[in-house]
Structure formats: structure tokens, C-alpha cells
Amino acid sequence: MQVGLLGRKVGMTQIYKEDGTVLTVTVLECGPCTVLQVRSPEVDGYSALQLGFADKRRKSATQPERGHAKKAGSEPKRYVREIRQDKPVEGVGAGETLTVEVFNGISCVDVTGTSKGRGFAGVMKRHGFGGLRATHGVKRMHRHPGSSGPSADPSRTRKGIKKPGHYGNERVTVRNLDVVKIDAAQNLILVRGAVPGPNGGYLTIRQTNKV
């Protein structure tokens, strides 16, 4: 089974190893997740486990959300995602609960989330441009991108040119993060490094496929 869970970002901290070295880690709350539906090749054309995380009040859920969760004997969920599988999963059915213990023995994970939205940003912040000279001859143009279009041929700006625009608020996956510690009692997993999104943001944590 391709191991995966849903969760949220708690925040970053640091822990000390036995030899005294410091590790910067991100604390993730993983599960418990309810299996809302089991996708099968015969019915859906692919294999997957549909998981739900964090209960939603029935008052706030739509009628389809309530009906879909009721089939699995569960409450409506705030965050619902699917974990694709290479082959049909045996021994896991709708209504079962998966905890962080499924990651026991797994050394690396991929974390997917929505990055922080930074609104409309210029090229220096968005793409890391160096800007123009801050000396003589440059008048109130220090943070401008400079020339970006060709001349008479083709007399237009080519597609893909880096420009100012909306920055952030997009799906980002950070791959191959080391699993430092698993706390089954509090449903926490500590990974080395940073993950996308703000504290409290929802995440999808999967067993890495990077080899």
C-alpha cells in the first residue's frame, strides 16, 4: 500500500540529537484520518483511498458532503483528498481510521500543501531579479525589470518572460523530507526541513516515491 495521510502544519521547532547537534524540524499533525471511500479499477478506473481529516459541523456541510460521509459512518470532513495506489488495497474499507502509525518504518515523505499567498509582487521579490543600478543615471527605476522584449523581430514579448504578477497561493510539493520522529500518542510526525503553507494549513503527507 502507498502510505499517505492528511494533516495540518503545527509549526517549526528544533530538537537535539544524542551527540548534541541541533536539527530544525517541522511538526505535522497527521490524522487520525477516516477512509471515506475506496476507489477500485472496476468502478472508478483507478485505485485510491479517499481520506477525510478534521470534522466539519453538519450545519456548515452541504447535503452531498453529509450524505457521502454518512455512507462511511463518519462526520463530514473539512479536508478530503485521495491517496493513489498502484494496485487495489486489501484489508482497508470505508469507515476505518488510519493513524500516524502507518508511517512506522518509513524514513522519507513527500509533503503537499498550498503556499502562502503574497499578492501582487514585483520581479525582485517574485523571481529574484537584481534590479537596476542604484547610482547615477537611474531615476526611480531601481526595482524595475528592465528591457524584456525583442526588437523588430518578432515585435512582441515572447511567452514565458518573467514579469510582475501574483505570487504564492499555489500547490507546492516538497519531496524527500526525512522523518525524524513519530509521536503516536499525540498524532505528530516531525520532519526535517520546511513545508509549504502557514501554521494550521492543511497538508497531504505521502510516502516518498523519490529514489
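The values are calculated or read from the model by the stated rules, or taken from the named source; none is laboratory data. Bear in mind that the values here come from a model prediction, so they are computed numbers and not experimental data. With ideal geometry, Cβ positions are generated from the backbone for all residues, glycine too; neighbour counts draw on all protein chains shown.
Restricting attention to the stretch 177-211, the residues being part of a strand (DSSP E or B) and more than 25 Å from T21 (Cα to Cα) number 6.
In the set Y46, Y16, only one residue is within 23 Å of A69 (Cβ to Cβ) and not small (G, A, S); that residue is Y46.
Would you say I205 is among the hydrophobic types (A, V, I, L, M, F, W, C) and touching a Cys at 6+ places or on another chain (Cβ under 8 Å)? It is true that I205 is among the hydrophobic types (A, V, I, L, M, F, W, C) and touching a Cys at 6+ places or on another chain (Cβ under 8 Å).
Hey, among the residues in the stretch 80-135 that are among the charged types (D, E, K, R), outside any loop (DSSP other than H, G, I, E, B) and not assigned by TED's automatic domain parsing to the domain that holds A61, which one's farthest from D44 (Cα to Cα)? That would be K125.
Scanning the stretch 1-58 for residues that are of a type in the set (A, V, I, L, M, F, W, C), within 17 Å of the chain's Cα centre (by Cα) and assigned to a loop (DSSP other than H, G, I, E, B) yields a single hit, V3.
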